[in-house]
1. So if I check each of A:163, A:121, A:159, A:178, which one is within 11 Å of chain B (Cβ to nearest Cβ) and outside any helix (DSSP H, G or I)?
2. Taking region B:155-178 only, how many residues are outside any loop (DSSP other than H, G, I, E, B) and either surrounded by 10 or more Cβ atoms within 10 Å (Cβ to Cβ) or at pLDDT 85 or above (or both)?
3. Testing residue A:185 on (1) away from chain B (no Cβ under 13 Å); (2) over 30 Å from residue A:310 (Cβ atoms); (3) not in a helix (DSSP H, G or I), one condition comes back false. Which one is that?
4. Condition (residue is surrounded by fewer than 18 Cβ atoms within 10 Å (Cβ to Cβ), within 14 Å of chain A (Cβ to nearest Cβ) and within 26 Å of residue A:125 (Cβ to Cβ)) applied to region B:84-99: is it met by at least one residue?
5. Based on this model, can you work out whether residue A:366 counts as modelled with pLDDT of 85 or more, surrounded by fewer than 17 Cβ atoms within 10 Å (Cβ to Cβ) and part of a helix (DSSP H, G or I)?
6. Can you tell which of B:61, B:138 is modelled with pLDDT of 85 or more and in a helix (DSSP H, G or I)?
7. Condition check: part of a helix (DSSP H, G or I), farther than 17 Å from residue A:300 by Cβ and within 14 Å of another protein chain (Cβ to nearest Cβ). Does residue A:130 satisfy that?
8. Looking only at region A:340-360, count every residue that is within 14 Å of chain B (Cβ to nearest Cβ), surrounded by fewer than 16 Cβ atoms within 10 Å (Cβ to Cβ), out of contact with any helix residue (DSSP H, G or I) (no Cβ under 6 Å at 6 or more places or on another chain) and part of a helix (DSSP H, G or I) and tell me the total.
(Lines give C-alpha, C1' and ligand atoms only; values in the text may rest on other atoms or scores of the structure.)
Protein backbone atom coordinates (compact mmCIF):
# COMPACT_ATOMS: atom_id res chain seq x y z
CA UNK A 1 0.00 0.00 0.00
CA UNK A 2 2.80 2.41 0.80
CA UNK A 3 4.47 1.85 -2.56
CA UNK A 4 1.35 2.79 -4.49
CA UNK A 5 1.74 3.93 -8.08
CA UNK A 6 0.59 7.48 -8.96
CA UNK A 7 -2.65 6.18 -10.44
CA UNK A 8 -3.63 4.88 -7.02
CA UNK A 9 -2.77 8.07 -5.19
CA UNK A 10 -6.31 9.47 -5.22
CA UNK A 11 -7.56 6.29 -3.57
CA UNK A 12 -5.12 6.67 -0.72
CA UNK A 13 -5.64 10.39 -0.24
CA UNK A 14 -9.15 9.98 1.17
CA UNK A 15 -8.10 7.93 4.24
CA UNK A 16 -5.20 10.32 4.73
CA UNK A 17 -7.61 13.24 4.61
CA UNK A 18 -9.87 11.66 7.21
CA UNK A 19 -6.90 10.85 9.43
CA UNK A 20 -5.76 14.45 9.09
CA UNK A 21 -9.18 15.80 10.06
CA UNK A 22 -9.30 13.45 13.06
CA UNK A 23 -5.83 14.58 14.15
CA UNK A 24 -6.89 18.22 13.81
CA UNK A 25 -9.98 17.64 15.97
CA UNK A 26 -7.92 15.91 18.65
CA UNK A 27 -5.39 18.78 18.55
CA UNK A 28 -8.17 21.32 18.90
CA UNK A 29 -9.60 19.52 21.92
CA UNK A 30 -6.17 19.42 23.55
CA UNK A 31 -5.62 23.15 22.94
CA UNK A 32 -9.05 24.04 24.36
CA UNK A 33 -8.39 21.85 27.40
CA UNK A 34 -5.02 23.54 27.97
CA UNK A 35 -6.55 27.01 27.68
CA UNK A 36 -9.31 26.10 30.12
CA UNK A 37 -6.66 24.69 32.42
CA UNK A 38 -4.55 27.85 32.59
CA UNK A 39 -7.07 30.65 32.23
CA UNK A 40 -9.67 29.72 34.84
CA UNK A 41 -7.69 30.56 37.96
CA UNK A 42 -4.93 28.03 37.42
CA UNK A 43 -4.73 24.31 38.24
CA UNK A 44 -5.65 24.70 41.90
CA UNK A 45 -9.02 26.34 41.22
CA UNK A 46 -9.73 23.86 38.46
CA UNK A 47 -8.85 20.97 40.78
CA UNK A 48 -11.21 22.28 43.46
CA UNK A 49 -13.96 22.70 40.86
CA UNK A 50 -13.45 19.15 39.56
CA UNK A 51 -13.72 17.60 43.03
CA UNK A 52 -16.33 19.81 44.75
CA UNK A 53 -18.83 21.07 42.20
CA UNK A 54 -21.40 18.40 41.17
CA UNK A 55 -21.04 19.38 37.53
CA UNK A 56 -17.27 19.43 37.98
CA UNK A 57 -17.38 15.86 39.31
CA UNK A 58 -19.42 14.85 36.29
CA UNK A 59 -16.88 16.50 33.98
CA UNK A 60 -14.05 14.79 35.86
CA UNK A 61 -15.63 11.35 35.42
CA UNK A 62 -16.22 12.14 31.76
CA UNK A 63 -12.58 13.16 31.24
CA UNK A 64 -11.29 10.14 33.17
CA UNK A 65 -13.49 7.82 31.13
CA UNK A 66 -12.35 9.46 27.91
CA UNK A 67 -8.70 9.06 28.91
CA UNK A 68 -9.28 5.40 29.77
CA UNK A 69 -11.16 4.81 26.53
CA UNK A 70 -8.35 6.32 24.49
CA UNK A 71 -5.78 4.27 26.41
CA UNK A 72 -7.67 1.03 25.83
CA UNK A 73 -8.15 1.84 22.13
CA UNK A 74 -4.43 2.49 21.74
CA UNK A 75 -3.79 -0.82 23.52
CA UNK A 76 -6.04 -2.63 21.08
CA UNK A 77 -4.10 -1.12 18.17
CA UNK A 78 -0.87 -2.30 19.75
CA UNK A 79 -2.47 -5.69 20.41
CA UNK A 80 -3.46 -6.16 16.75
CA UNK A 81 0.06 -5.40 15.59
CA UNK A 82 1.79 -7.36 18.36
CA UNK A 83 -0.34 -10.47 17.89
CA UNK A 84 0.21 -10.58 14.16
CA UNK A 85 3.95 -10.12 14.63
CA UNK A 86 4.04 -12.86 17.28
CA UNK A 87 2.09 -15.33 15.15
CA UNK A 88 4.24 -14.38 12.18
CA UNK A 89 7.42 -15.10 14.00
CA UNK A 90 6.13 -18.43 15.37
CA UNK A 91 5.06 -19.42 11.83
CA UNK A 92 8.45 -18.26 10.47
CA UNK A 93 6.79 -15.44 8.53
CA UNK A 94 7.39 -11.72 8.76
CA UNK A 95 3.94 -10.57 9.80
CA UNK A 96 2.76 -7.07 8.85
CA UNK A 97 5.72 -5.13 7.45
CA UNK A 98 4.39 -2.90 4.68
CA UNK A 99 2.29 -0.06 6.10
CA UNK A 100 4.46 2.41 7.97
CA UNK A 101 7.83 1.68 9.58
CA UNK A 102 8.06 -2.09 10.33
CA UNK A 103 4.37 -2.30 9.54
CA UNK A 104 3.41 -0.46 12.72
CA UNK A 105 0.60 1.46 11.00
CA UNK A 106 -1.13 -1.77 9.94
CA UNK A 107 -3.84 -1.57 12.68
CA UNK A 108 -4.70 1.97 11.61
CA UNK A 109 -4.89 0.91 7.97
CA UNK A 110 -7.23 -1.90 9.02
CA UNK A 111 -9.26 0.57 11.04
CA UNK A 112 -9.68 2.93 8.09
CA UNK A 113 -10.65 0.02 5.87
CA UNK A 114 -13.41 -1.01 8.30
CA UNK A 115 -14.67 2.54 8.62
CA UNK A 116 -14.74 3.33 4.92
CA UNK A 117 -16.43 0.18 3.66
CA UNK A 118 -20.17 -0.23 3.41
CA UNK A 119 -21.96 -1.94 6.29
CA UNK A 120 -24.36 -4.50 4.86
CA UNK A 121 -27.49 -5.56 6.73
CA UNK A 122 -28.89 -8.86 5.44
CA UNK A 123 -32.43 -8.65 4.06
CA UNK A 124 -33.75 -11.35 6.40
CA UNK A 125 -32.05 -9.95 9.49
CA UNK A 126 -33.93 -8.62 12.48
CA UNK A 127 -32.60 -5.13 11.91
CA UNK A 128 -32.94 -3.60 15.37
CA UNK A 129 -31.33 -6.50 17.22
CA UNK A 130 -28.72 -6.89 14.47
CA UNK A 131 -27.56 -3.30 14.97
CA UNK A 132 -27.90 -3.43 18.75
CA UNK A 133 -25.79 -6.57 19.21
CA UNK A 134 -22.34 -5.11 18.43
CA UNK A 135 -23.17 -2.01 20.46
CA UNK A 136 -24.09 -4.15 23.49
CA UNK A 137 -20.90 -6.19 23.12
CA UNK A 138 -18.55 -3.25 22.76
CA UNK A 139 -20.17 -1.24 25.56
CA UNK A 140 -19.90 -4.15 27.99
CA UNK A 141 -16.31 -4.84 26.96
CA UNK A 142 -15.30 -1.27 27.71
CA UNK A 143 -17.47 -1.09 30.85
CA UNK A 144 -15.26 -3.68 32.54
CA UNK A 145 -12.40 -1.17 32.52
CA UNK A 146 -14.34 1.24 34.75
CA UNK A 147 -13.33 -0.62 37.92
CA UNK A 148 -9.90 -1.97 36.97
CA UNK A 149 -7.24 -0.26 39.11
CA UNK A 150 -4.19 0.32 36.89
CA UNK A 151 -2.30 1.79 39.85
CA UNK A 152 -2.79 2.41 43.56
CA UNK A 153 -6.04 4.38 43.63
CA UNK A 154 -6.06 4.75 39.85
CA UNK A 155 -9.51 3.36 39.09
CA UNK A 156 -12.47 5.35 37.83
CA UNK A 157 -14.84 3.51 40.14
CA UNK A 158 -13.17 2.03 43.22
CA UNK A 159 -16.35 0.19 44.25
CA UNK A 160 -16.75 -2.29 47.09
CA UNK A 161 -18.01 -5.08 44.88
CA UNK A 162 -15.49 -4.53 42.07
CA UNK A 163 -14.81 -8.22 41.60
CA UNK A 164 -18.53 -8.98 41.29
CA UNK A 165 -18.94 -6.12 38.85
CA UNK A 166 -16.18 -7.55 36.63
CA UNK A 167 -17.77 -10.98 36.83
CA UNK A 168 -21.22 -9.58 36.02
CA UNK A 169 -19.99 -7.56 33.05
CA UNK A 170 -18.03 -10.46 31.61
CA UNK A 171 -21.04 -12.75 32.01
CA UNK A 172 -23.21 -10.22 30.18
CA UNK A 173 -20.82 -10.33 27.24
CA UNK A 174 -22.62 -13.43 26.02
CA UNK A 175 -25.68 -11.37 25.07
CA UNK A 176 -23.92 -9.48 22.30
CA UNK A 177 -23.00 -12.83 20.78
CA UNK A 178 -26.43 -14.46 21.13
CA UNK A 179 -28.20 -11.40 19.77
CA UNK A 180 -25.81 -11.18 16.83
CA UNK A 181 -26.21 -14.87 16.08
CA UNK A 182 -29.98 -14.86 16.22
CA UNK A 183 -30.55 -11.55 14.43
CA UNK A 184 -28.29 -12.47 11.50
CA UNK A 185 -30.87 -15.03 10.31
CA UNK A 186 -28.10 -17.37 9.23
CA UNK A 187 -27.63 -20.95 10.34
CA UNK A 188 -23.89 -20.57 10.81
CA UNK A 189 -24.39 -17.54 13.02
CA UNK A 190 -27.11 -19.21 15.07
CA UNK A 191 -25.12 -22.41 15.61
CA UNK A 192 -22.12 -20.38 16.63
CA UNK A 193 -24.19 -18.29 19.05
CA UNK A 194 -25.48 -21.47 20.69
CA UNK A 195 -21.95 -22.79 21.01
CA UNK A 196 -20.71 -19.56 22.54
CA UNK A 197 -23.59 -19.31 24.98
CA UNK A 198 -23.06 -22.83 26.30
CA UNK A 199 -19.31 -22.38 26.38
CA UNK A 200 -19.35 -19.07 28.22
CA UNK A 201 -21.93 -20.19 30.77
CA UNK A 202 -19.92 -23.37 31.45
CA UNK A 203 -16.61 -21.65 31.95
CA UNK A 204 -18.12 -18.87 34.03
CA UNK A 205 -18.76 -21.52 36.67
CA UNK A 206 -15.09 -22.32 37.09
CA UNK A 207 -14.11 -18.65 36.82
CA UNK A 208 -16.59 -17.94 39.58
CA UNK A 209 -15.01 -20.53 41.88
CA UNK A 210 -11.51 -19.23 41.11
CA UNK A 211 -12.69 -15.75 42.04
CA UNK A 212 -14.17 -17.13 45.27
CA UNK A 213 -10.80 -18.59 46.32
CA UNK A 214 -9.07 -15.30 45.54
CA UNK A 215 -11.52 -13.29 47.58
CA UNK A 216 -11.33 -15.81 50.43
CA UNK A 217 -7.60 -15.15 50.59
CA UNK A 218 -7.93 -11.39 50.21
CA UNK A 219 -11.00 -11.04 52.44
CA UNK A 220 -12.50 -8.37 50.23
CA UNK A 221 -14.47 -7.87 47.02
CA UNK A 222 -12.67 -4.61 46.32
CA UNK A 223 -10.04 -4.91 43.57
CA UNK A 224 -7.68 -2.41 45.20
CA UNK A 225 -7.87 -4.34 48.49
CA UNK A 226 -7.16 -7.59 46.65
CA UNK A 227 -3.93 -6.15 45.28
CA UNK A 228 -3.01 -4.73 48.71
CA UNK A 229 -3.61 -8.15 50.26
CA UNK A 230 -0.91 -9.58 47.97
CA UNK A 231 1.68 -7.14 49.26
CA UNK A 232 4.31 -8.84 51.40
CA UNK A 233 8.04 -8.79 51.99
CA UNK A 234 8.42 -11.83 49.75
CA UNK A 235 7.62 -9.77 46.65
CA UNK A 236 6.43 -11.79 43.70
CA UNK A 237 6.57 -15.03 45.71
CA UNK A 238 3.75 -13.67 47.88
CA UNK A 239 1.37 -12.98 45.00
CA UNK A 240 -1.51 -15.39 44.64
CA UNK A 241 -0.16 -17.18 41.57
CA UNK A 242 2.11 -19.29 43.78
CA UNK A 243 -0.17 -20.24 46.71
CA UNK A 244 -3.12 -20.67 44.33
CA UNK A 245 -1.17 -22.10 41.42
CA UNK A 246 -3.84 -24.60 40.24
CA UNK A 247 -6.41 -21.83 40.28
CA UNK A 248 -4.09 -19.56 38.29
CA UNK A 249 -3.83 -22.22 35.57
CA UNK A 250 -7.59 -22.85 35.60
CA UNK A 251 -8.31 -19.13 35.46
CA UNK A 252 -6.00 -18.61 32.50
CA UNK A 253 -7.49 -21.50 30.53
CA UNK A 254 -11.03 -20.44 31.42
CA UNK A 255 -10.18 -16.91 30.35
CA UNK A 256 -9.18 -18.31 26.95
CA UNK A 257 -12.56 -20.05 26.75
CA UNK A 258 -14.45 -17.00 28.00
CA UNK A 259 -12.92 -14.76 25.32
CA UNK A 260 -13.39 -17.42 22.60
CA UNK A 261 -9.71 -17.63 21.91
CA UNK A 262 -7.95 -20.63 20.45
CA UNK A 263 -7.88 -23.47 21.38
CA UNK A 264 -11.51 -22.73 22.32
CA UNK A 265 -12.52 -20.58 19.34
CA UNK A 266 -15.30 -22.97 18.37
CA UNK A 267 -17.60 -20.03 17.82
CA UNK A 268 -15.72 -19.09 14.70
CA UNK A 269 -14.17 -22.40 13.73
CA UNK A 270 -13.49 -21.46 10.10
CA UNK A 271 -13.77 -24.98 8.75
CA UNK A 272 -17.17 -25.53 10.36
CA UNK A 273 -18.95 -22.20 10.79
CA UNK A 274 -17.17 -19.76 8.44
CA UNK A 275 -16.84 -16.77 10.81
CA UNK A 276 -19.47 -17.86 13.31
CA UNK A 277 -21.73 -15.23 14.78
CA UNK A 278 -19.80 -12.52 12.92
CA UNK A 279 -20.43 -14.01 9.50
CA UNK A 280 -23.04 -11.44 8.43
CA UNK A 281 -21.27 -8.44 9.93
CA UNK A 282 -19.26 -6.12 7.75
CA UNK A 283 -17.40 -2.82 7.88
CA UNK A 284 -17.91 -0.74 11.03
CA UNK A 285 -20.32 -3.26 12.59
CA UNK A 286 -17.67 -5.94 12.24
CA UNK A 287 -15.13 -3.50 13.63
CA UNK A 288 -17.19 -3.28 16.82
CA UNK A 289 -17.33 -7.07 17.17
CA UNK A 290 -13.61 -7.30 16.49
CA UNK A 291 -12.89 -4.55 19.01
CA UNK A 292 -15.00 -6.37 21.61
CA UNK A 293 -12.84 -9.47 21.33
CA UNK A 294 -9.61 -7.51 21.67
CA UNK A 295 -10.84 -5.44 24.61
CA UNK A 296 -12.11 -8.61 26.30
CA UNK A 297 -8.63 -10.12 25.97
CA UNK A 298 -7.09 -7.01 27.49
CA UNK A 299 -9.53 -6.92 30.38
CA UNK A 300 -9.14 -10.65 31.06
CA UNK A 301 -5.37 -10.09 31.17
CA UNK A 302 -5.88 -7.17 33.52
CA UNK A 303 -8.07 -9.38 35.74
CA UNK A 304 -5.38 -12.09 35.78
CA UNK A 305 -2.84 -9.45 36.74
CA UNK A 306 -4.97 -8.16 39.60
CA UNK A 307 -6.03 -11.55 40.97
CA UNK A 308 -2.78 -13.47 40.66
CA UNK A 309 0.14 -11.25 39.65
CA UNK A 310 -0.04 -8.55 42.28
CA UNK A 311 -1.52 -5.73 40.17
CA UNK A 312 0.72 -2.68 40.32
CA UNK A 313 3.07 -4.13 43.00
CA UNK A 314 6.76 -4.35 42.27
CA UNK A 315 7.99 -7.96 41.96
CA UNK A 316 11.02 -7.22 44.13
CA UNK A 317 9.90 -5.09 47.10
CA UNK A 318 13.07 -3.04 47.61
CA UNK A 319 14.53 0.27 46.55
CA UNK A 320 15.41 0.51 42.84
CA UNK A 321 12.35 -1.50 41.81
CA UNK A 322 9.82 0.27 44.00
CA UNK A 323 10.83 3.60 42.40
CA UNK A 324 9.27 2.51 39.13
CA UNK A 325 5.65 3.74 39.00
CA UNK A 326 3.07 1.05 39.73
CA UNK A 327 1.23 1.71 36.47
CA UNK A 328 4.27 0.53 34.51
CA UNK A 329 4.46 -2.70 36.53
CA UNK A 330 0.75 -3.24 35.95
CA UNK A 331 1.05 -2.70 32.22
CA UNK A 332 4.15 -4.90 31.99
CA UNK A 333 2.38 -7.76 33.74
CA UNK A 334 -0.77 -7.29 31.71
CA UNK A 335 1.14 -7.41 28.45
CA UNK A 336 2.95 -10.57 29.59
CA UNK A 337 -0.45 -12.25 30.02
CA UNK A 338 -1.59 -10.88 26.66
CA UNK A 339 1.57 -12.36 25.15
CA UNK A 340 0.61 -15.74 26.61
CA UNK A 341 -2.83 -15.38 24.98
CA UNK A 342 -1.21 -14.78 21.58
CA UNK A 343 1.36 -17.46 22.14
CA UNK A 344 -1.28 -20.11 22.84
CA UNK A 345 -3.19 -19.22 19.68
CA UNK A 346 -0.19 -19.86 17.48
CA UNK A 347 0.58 -23.41 18.49
CA UNK A 348 -2.40 -25.11 20.14
CA UNK A 349 -4.86 -26.97 17.92
CA UNK A 350 -8.57 -26.32 18.33
CA UNK A 351 -10.60 -28.38 20.81
CA UNK A 352 -13.59 -30.43 19.79
CA UNK A 353 -16.84 -29.24 21.33
CA UNK A 354 -17.52 -32.26 23.54
CA UNK A 355 -13.92 -32.14 24.78
CA UNK A 356 -14.42 -28.48 25.64
CA UNK A 357 -17.52 -29.29 27.70
CA UNK A 358 -15.76 -32.21 29.36
CA UNK A 359 -12.84 -30.00 30.36
CA UNK A 360 -15.14 -27.36 31.82
CA UNK A 361 -17.58 -29.55 33.73
CA UNK A 362 -15.63 -32.70 34.54
CA UNK A 363 -12.14 -31.36 35.13
CA UNK A 364 -12.22 -27.69 36.11
CA UNK A 365 -15.43 -27.71 38.13
CA UNK A 366 -14.44 -30.52 40.55
CA UNK A 367 -10.91 -29.18 40.96
CA UNK A 368 -12.07 -25.64 41.65
CA UNK A 369 -14.85 -26.81 43.99
CA UNK A 370 -12.32 -28.86 45.93
CA UNK A 371 -9.92 -25.91 46.02
CA UNK A 372 -12.59 -23.58 47.42
CA UNK A 373 -13.18 -26.00 50.30
CA UNK A 374 -9.45 -26.63 50.78
CA UNK A 375 -8.50 -22.94 50.73
CA UNK A 376 -11.32 -22.04 53.13
CA UNK A 377 -10.25 -24.88 55.44
CA UNK A 378 -6.57 -23.88 55.39
CA UNK A 379 -7.42 -20.22 56.03
CA UNK A 380 -9.70 -21.16 58.90
CA UNK A 381 -7.22 -23.59 60.46
CA UNK A 382 -4.14 -21.38 60.19
CA UNK A 383 -5.73 -17.94 60.54
CA UNK A 384 -3.83 -16.72 57.44
CA UNK A 385 -6.87 -14.95 56.04
CA UNK A 386 -6.90 -11.18 55.84
CA UNK A 387 -9.24 -10.71 58.80
CA UNK A 388 -11.71 -12.65 60.89
CA UNK B 1 -28.90 13.57 45.82
CA UNK B 2 -30.27 15.14 42.65
CA UNK B 3 -28.25 12.68 40.61
CA UNK B 4 -29.69 9.81 42.64
CA UNK B 5 -33.25 11.06 42.09
CA UNK B 6 -32.53 11.43 38.39
CA UNK B 7 -31.19 7.89 38.10
CA UNK B 8 -34.05 6.56 40.22
CA UNK B 9 -36.58 7.94 37.76
CA UNK B 10 -34.57 6.73 34.76
CA UNK B 11 -34.30 3.18 36.15
CA UNK B 12 -37.89 3.10 37.37
CA UNK B 13 -39.40 4.35 34.12
CA UNK B 14 -37.26 2.10 31.93
CA UNK B 15 -38.07 -0.83 34.23
CA UNK B 16 -41.83 -0.32 33.97
CA UNK B 17 -41.79 0.39 30.24
CA UNK B 18 -39.68 -2.69 29.53
CA UNK B 19 -41.85 -4.82 31.82
CA UNK B 20 -44.88 -3.74 29.80
CA UNK B 21 -42.97 -4.43 26.61
CA UNK B 22 -42.26 -7.98 27.83
CA UNK B 23 -45.95 -8.84 27.67
CA UNK B 24 -46.83 -6.70 24.66
CA UNK B 25 -43.95 -7.50 22.27
CA UNK B 26 -45.04 -9.69 19.37
CA UNK B 27 -41.71 -11.42 18.94
CA UNK B 28 -40.92 -13.70 21.93
CA UNK B 29 -37.18 -13.06 21.54
CA UNK B 30 -37.85 -9.34 21.89
CA UNK B 31 -39.89 -10.15 25.00
CA UNK B 32 -36.93 -11.92 26.59
CA UNK B 33 -34.60 -9.08 25.65
CA UNK B 34 -36.98 -6.62 27.33
CA UNK B 35 -37.09 -8.90 30.36
CA UNK B 36 -33.30 -8.69 30.54
CA UNK B 37 -33.51 -4.90 30.31
CA UNK B 38 -35.99 -4.97 33.20
CA UNK B 39 -33.60 -7.12 35.28
CA UNK B 40 -30.70 -4.75 34.63
CA UNK B 41 -32.78 -1.75 35.66
CA UNK B 42 -33.92 -3.52 38.81
CA UNK B 43 -30.24 -4.11 39.59
CA UNK B 44 -29.72 -0.38 39.06
CA UNK B 45 -32.44 0.37 41.63
CA UNK B 46 -30.74 -1.96 44.11
CA UNK B 47 -27.49 -0.04 43.59
CA UNK B 48 -29.26 3.25 44.30
CA UNK B 49 -30.58 1.82 47.58
CA UNK B 50 -27.02 1.00 48.63
CA UNK B 51 -27.53 -2.75 48.18
CA UNK B 52 -24.70 -3.18 45.69
CA UNK B 53 -24.18 -6.86 46.52
CA UNK B 54 -27.80 -7.74 45.71
CA UNK B 55 -27.66 -5.68 42.52
CA UNK B 56 -24.55 -7.44 41.26
CA UNK B 57 -25.86 -10.89 42.24
CA UNK B 58 -29.10 -10.12 40.39
CA UNK B 59 -27.08 -9.41 37.25
CA UNK B 60 -24.73 -12.38 37.64
CA UNK B 61 -27.43 -14.95 38.44
CA UNK B 62 -30.54 -13.80 36.63
CA UNK B 63 -29.15 -11.89 33.68
CA UNK B 64 -25.89 -13.76 33.25
CA UNK B 65 -27.22 -17.29 33.63
CA UNK B 66 -31.00 -17.73 33.93
CA UNK B 67 -32.02 -15.30 31.20
CA UNK B 68 -29.37 -16.72 28.86
CA UNK B 69 -31.13 -20.08 29.07
CA UNK B 70 -34.53 -18.40 28.56
CA UNK B 71 -33.22 -16.70 25.47
CA UNK B 72 -31.69 -19.96 24.32
CA UNK B 73 -34.99 -21.83 24.58
CA UNK B 74 -37.12 -19.07 23.08
CA UNK B 75 -34.73 -18.62 20.15
CA UNK B 76 -34.99 -22.28 19.26
CA UNK B 77 -38.76 -22.57 19.76
CA UNK B 78 -41.02 -22.35 16.77
CA UNK B 79 -43.87 -20.37 18.30
CA UNK B 80 -47.14 -20.31 16.41
CA UNK B 81 -49.00 -17.13 17.38
CA UNK B 82 -52.36 -18.14 15.92
CA UNK B 83 -52.34 -21.29 18.05
CA UNK B 84 -51.33 -19.31 21.13
CA UNK B 85 -54.20 -16.87 20.70
CA UNK B 86 -56.77 -19.65 20.35
CA UNK B 87 -56.32 -20.70 23.95
CA UNK B 88 -56.71 -17.14 25.23
CA UNK B 89 -60.39 -17.30 26.23
CA UNK B 90 -60.03 -20.75 27.74
CA UNK B 91 -57.18 -19.70 30.01
CA UNK B 92 -58.61 -16.26 30.80
CA UNK B 93 -60.43 -17.20 34.08
CA UNK B 94 -57.47 -18.96 35.70
CA UNK B 95 -55.11 -16.25 34.44
CA UNK B 96 -57.33 -13.57 35.92
CA UNK B 97 -57.47 -15.45 39.23
CA UNK B 98 -53.68 -15.64 39.44
CA UNK B 99 -53.42 -11.97 38.47
CA UNK B 100 -55.82 -10.99 41.27
CA UNK B 101 -53.87 -13.00 43.85
CA UNK B 102 -50.49 -11.62 42.80
CA UNK B 103 -51.88 -8.11 42.56
CA UNK B 104 -53.34 -8.41 46.07
CA UNK B 105 -50.04 -9.63 47.49
CA UNK B 106 -48.13 -6.83 45.80
CA UNK B 107 -50.64 -4.32 47.09
CA UNK B 108 -50.32 -5.71 50.61
CA UNK B 109 -46.52 -5.40 50.46
CA UNK B 110 -46.76 -1.88 49.05
CA UNK B 111 -49.11 -0.73 51.82
CA UNK B 112 -47.18 -2.32 54.66
CA UNK B 113 -43.96 -0.87 53.25
CA UNK B 114 -45.08 2.73 53.70
CA UNK B 115 -43.67 4.06 56.97
CA UNK B 116 -40.80 1.59 57.21
CA UNK B 117 -37.30 3.11 57.60
CA UNK B 118 -35.66 4.56 54.51
CA UNK B 119 -34.23 1.85 52.28
CA UNK B 120 -30.63 3.02 52.40
CA UNK B 121 -30.71 2.89 56.22
CA UNK B 122 -32.16 -0.62 56.09
CA UNK B 123 -29.61 -1.86 53.56
CA UNK B 124 -26.57 -1.10 55.70
CA UNK B 125 -27.45 -1.96 59.30
CA UNK B 126 -24.23 -0.73 60.88
CA UNK B 127 -22.35 2.05 59.17
CA UNK B 128 -18.92 0.44 59.32
CA UNK B 129 -19.78 -2.90 57.76
CA UNK B 130 -19.98 -3.23 53.97
CA UNK B 131 -23.35 -4.67 53.08
CA UNK B 132 -21.76 -7.78 51.55
CA UNK B 133 -20.31 -8.61 54.95
CA UNK B 134 -23.60 -7.66 56.62
CA UNK B 135 -25.59 -10.08 54.46
CA UNK B 136 -23.02 -12.80 55.10
CA UNK B 137 -23.23 -12.33 58.87
CA UNK B 138 -27.03 -12.58 58.89
CA UNK B 139 -27.23 -15.38 56.33
CA UNK B 140 -24.72 -17.67 58.04
CA UNK B 141 -25.95 -17.11 61.60
CA UNK B 142 -29.68 -16.38 61.98
CA UNK B 143 -30.80 -17.87 58.69
CA UNK B 144 -28.24 -20.66 58.50
CA UNK B 145 -30.79 -23.51 58.39
CA UNK B 146 -32.95 -21.75 55.82
CA UNK B 147 -29.87 -21.14 53.72
CA UNK B 148 -28.87 -24.80 53.92
CA UNK B 149 -32.43 -25.90 53.17
CA UNK B 150 -32.52 -23.68 50.07
CA UNK B 151 -29.22 -25.24 48.97
CA UNK B 152 -30.59 -28.76 49.48
CA UNK B 153 -33.74 -27.95 47.48
CA UNK B 154 -31.62 -26.65 44.60
CA UNK B 155 -29.43 -29.74 44.77
CA UNK B 156 -32.51 -31.95 44.65
CA UNK B 157 -33.84 -30.03 41.66
CA UNK B 158 -30.51 -30.42 39.90
CA UNK B 159 -30.32 -34.15 40.51
CA UNK B 160 -33.96 -34.46 39.45
CA UNK B 161 -33.25 -32.71 36.16
CA UNK B 162 -30.30 -35.01 35.52
CA UNK B 163 -32.31 -38.14 36.36
CA UNK B 164 -35.18 -37.05 34.11
CA UNK B 165 -32.99 -36.40 31.09
CA UNK B 166 -30.33 -39.06 31.45
CA UNK B 167 -30.65 -41.76 28.82
CA UNK B 168 -28.37 -44.73 28.54
CA UNK B 169 -28.43 -45.56 24.88
CA UNK B 170 -26.99 -48.86 23.77
CA UNK B 171 -24.54 -49.00 20.93
CA UNK B 172 -23.25 -45.45 21.32
CA UNK B 173 -19.52 -45.23 20.79
CA UNK B 174 -18.09 -42.96 23.44
CA UNK B 175 -14.64 -41.53 23.76
CA UNK B 176 -12.64 -42.73 26.73
CA UNK B 177 -10.23 -39.88 27.36
CA UNK B 178 -8.06 -41.85 29.79
CA UNK B 179 -7.56 -44.66 27.28
CA UNK B 180 -6.78 -42.18 24.58
CA UNK B 181 -4.24 -40.28 26.61
CA UNK B 182 -2.63 -43.57 27.64
CA UNK B 183 -1.97 -44.56 24.01
CA UNK B 184 1.63 -44.48 22.92
CA UNK B 185 3.37 -45.14 19.60
CA UNK B 186 4.14 -48.72 20.60
CA UNK B 187 0.49 -49.73 20.77
CA UNK B 188 -0.95 -47.24 18.31
CA UNK B 189 1.38 -47.64 15.35
CA UNK B 190 2.08 -50.87 13.57
CA UNK B 191 4.91 -51.02 11.08
CA UNK B 192 4.63 -53.60 8.35
CA UNK B 193 6.96 -54.60 5.61
CA UNK B 194 4.88 -54.43 2.44
CA UNK B 195 6.15 -56.53 -0.44
CA UNK B 196 6.20 -54.74 -3.76
CA UNK B 197 3.06 -55.19 -5.94
CA UNK B 198 1.36 -57.30 -3.29
CA UNK B 199 -0.09 -54.90 -0.72
CA UNK B 200 -1.34 -55.85 2.67
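The values are calculated or read from the model by the stated rules, or taken from the named source; none is laboratory data. This structure is a prediction, so every number in the text was calculated from the model and none was measured. All Cβ positions, even for glycine, are placed from backbone atoms using ideal geometry, and neighbour counts span all protein chains on display.
1. The unique qualifying residue is A:159.
2. Applying the first criterion (outside any loop (DSSP other than H, G, I, E, B)) to region B:155-178 yields B:155-165, B:177-178.
Now restrict to residues that are either surrounded by 10 or more Cβ atoms within 10 Å (Cβ to Cβ) or at pLDDT 85 or above (or both): B:155-165, B:177.
Total meeting the criteria: 12.
3. (1)
4. Checking region B:84-99: not a single residue is surrounded by fewer than 18 Cβ atoms within 10 Å (Cβ to Cβ), within 14 Å of chain A (Cβ to nearest Cβ) and within 26 Å of residue A:125 (Cβ to Cβ).
5. yes
6. B:61
7. yes
8. Selection size over region A:340-360: 4.
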